[in-house]
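Here is the structure we will look at, set down as structure tokens.
The values are calculated or read from the model by the stated rules, or taken from the named source; none is laboratory data. The structure presented is a predicted model; accordingly, all values stated were derived computationally and were not measured. Don't worry about glycine lacking a Cβ; one is built from the backbone with ideal geometry, like all the others, and counts go over all protein chains shown. These accessible areas exclude ligands, DNA and RNA; they are computed on the full protein's heavy atoms, side chains included. Shrake-Rupley method; radii C 1.70, N 1.55, O 1.52, S 1.80 Å.
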Amino acid sequence: MGKYKGELLMTITALMWGSGFIGMAVGLEYWTVFQLMAFRFTLATVLLCLIFHQKLKLINRKVLWKGAILGTILFTAFAVQTYGLAYTTVSKNAFLTAINVLIVPVIAFVIYKRKFDRYEVTAALMAVVGIGFLSLTNDFTINIGDWLSILCAVLFAFDIFYTNVFVKDEDPLAITIVQFMTASVLGLVAVIVLGEVPTHIEAQGVYIIIYLAVFCTCVAYVCQNVGMQYANPTKSAIILSMESLFGTLFSVWILHEFLTGRMIFGCLLILVAVIIAEIKPNLKFVMTKQKV
């Protein structure tokens, strides 16, 4: 069992994140976008501080500004994603968000001038075709919800990119605490400024907030952080990319969303593209080994 500990924890993370799409979609029936974000991250921040209180002493000036940057990006990404859910289906939102791993190499090229390899190009082209099958209507247009989902993928790509850069020098959990804290403050400010302070709260809405904060945020991130200590990085990335598949399965099962054959084909293309983008180091290693 210990041998597969990392893989199991990564699977739990992907499962929790996949179910989070349903939680946010249902949550919009009880909360505004900013209320959902504010209360989710505020509760998650409190829980993280209680569970990992020993990490609070590691928060210094560098951790604060790095965590603040990540928190701002994360809050914006989740807000855009949640707005997107109001105009598109959970299944589309889940798979369009998954293309963030294909955007990371683009960011690396723009910032560090790192060249693309053939696996990234192949994956990107496959993802574009998949997006077409998944999102284009009969008159070849994409609705606003799908565009917001794609923008969300771009923002999550920046979050992934800068998280990988920042955690090399700082404690990951300390940065995560500041990241969540920043997102919660931004959410609360937005709620107050927009006059969205709730005057009536329904029990079902509270349950949604608790689920998103406890399972889709705290449990998911803790399982990810701990699991990465045991799991192979490439396997971890592939398992985490299954978040979009879980999101779609939950949407069909719980929300009874209908998927056409064309949409299923588009989902499969995007999923394969994400996997190709993630396993390319192993593919290169195998090819090099065969040549030797």
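Could you size up the charge dipole of the stretch 144-279 around its Cα centre, putting +1 on the beta carbon of Lys and Arg and -1 on that of Asp and Glu, and report it in debye to the nearest 20?
On the way: 3 positive and 10 negative charges, 57 e Å.
Once rounded to the nearest 20, the dipole reads 280 debye.
With all protein chains in place and a 1.4 Å probe, the accessible surface of the chain carries 71 percent carbon and sulfur.
Between Thr122 and Asn60, the modelled labels are 4.5 nm apart [label points 7 Å from Cα along Cα→Cβ]. Here the convex hull built on the C-alpha positions of the stretch 1-94 has a volume of 136 cubic angstrom per residue.
Normalised by the number of residues in the stretch 58-149, the mean separation of alpha-carbon contacts (under 8 Å, six or more apart) gives a relative contact order of 45 percent. Label the stretch 48-165 by shape, choosing from rounded, prolate and oblate, from the square roots a ≥ b ≥ c of the eigenvalues of the Cα gyration tensor; if a/c is under 1.5 it is rounded, and otherwise prolate applies when a/b is larger than b/c, oblate when it is not. Taking the square roots of the gyration eigenvalues as a ≥ b ≥ c, the stretch 48-165 is oblate.
Mind telling me which of Val80, Val90, Val197 comes out most flexible in a GNM of the chain, alpha-carbon contacts under 10 Å? In this elastic network of the chain, the residue with the biggest mean-square fluctuation among Val80, Val90, Val197 is Val197. With a cut-off of 13 Å between beta carbons, the residues surrounding Ile59 carry a summed charge of +3, where Lys and Arg count +1 and Asp and Glu -1.
Distances between placed amide hydrogens fall under 5 Å for Thr32 paired with no residue 5 or more residues away or on another chain.
Work out the length of the dipole vector of the stretch 11-139 about its Cα centre, built from +1 on the beta-carbon of each Lys and Arg and -1 on the beta-carbon of each Asp and Glu, and round it to the nearest 20 debye. Mind showing how you got there, number by number?
Values: 11 positive and 4 negative charges, 163 e Å.
Charge dipole of the stretch 11-139: 780 debye, to the nearest 20.
Taking every protein chain into account, the 1.4 Å probe leaves Tyr4 with about 130 Å² of accessible area, to the nearest ten.
If you plug the beta carbon distance of Asp169 and Val189 into 1/(1 + (r/R0)^6) with R0 = 35 Å, you get a FRET efficiency near 0.75.
In terms of solvent-accessible area of protein heavy atoms at a 1.4 angstrom probe, what is the ranking of Tyr221, Tyr87, Tyr30, highest value first? Display every interim value, and only then the final one.
Numbers: Tyr221 40, Tyr87 130, Tyr30 80 Å².
Most to least solvent-accessible, the answer reads Tyr87, Tyr30, Tyr221.
Per-residue extension of 0.36 nm, minus the Cα-Cα distance of Tyr230 and Ile254, leaves a gain of 5.4 nm for this segment.
GNM remark for the chain: springs join alpha carbons under 10 Å apart, and the peak mean-square fluctuation among Phe34, Phe52, Phe246 falls on Phe52.
Using the membrane-span-like helix rule (whole DSSP H runs, Cα extent along the own axis of at least 20 Å, mean Kyte-Doolittle hydropathy at least 1.0), which helices of the chain qualify? Write down the numbers at each step before the final one.
Working: long enough: 5-27 (32 Å, 1.05); 33-51 (27 Å, 2.05); 61-85 (36 Å, 0.89); 118-135 (25 Å, 1.29); 144-166 (33 Å, 1.57); 172-193 (31 Å, 2.20); 261-291 (40 Å, 1.04).
Passing helices, by number: 5-27, 33-51, 118-135, 144-166, 172-193, 261-291.
How large is the Kirkwood hydrodynamic radius of the chain, in angstrom, based on all distinct alpha carbon pairs? The partial results should precede the final answer.
Working: mean 1/r = 0.0508 Å⁻¹.
Every distinct Cα pair counted, the radius reaches 19.7 Å.
Taken along the Cα-to-beta-carbon direction at a fixed 7 Å, the label points for Val129 and Leu268 span 1.3 nm.
Thr199 sits with roughly 140 Å² accessible to a 1.4 Å probe, with DNA, RNA and ligands left out of the calculation.
Rounded to the nearest 500, the helix-only mean residue ellipticity at 222 nm of the chain stands at -25000 deg cm²/dmol, with each DSSP H run of n ≥ 4 adding -39,500 (n - 2.57).
Whole-percent P(r), the stretch 144-192, all Cα pairs, 5 Å bins from 0: 5, 17, 16, 21, 22, 13, 5, 1. Mind checking the log10 I(q)/I(0) for the stretch 102-223 at q = 0.11, 0.13 Å⁻¹? Debye, one equal scatterer per Cα, no solvent, two decimals. Those come out to -0.63, -0.85, one per q.
In debye to the nearest 20, how big a dipole does the chain give about its Cα centre with +1 on each Lys and Arg Cβ and -1 on each Asp and Glu Cβ? Don't jump to the answer; show the numbers that get you there.
Numbers: 20 positive and 15 negative charges, 265 e Å.
Dipole of the chain, to the nearest 20 debye: 1280 debye.
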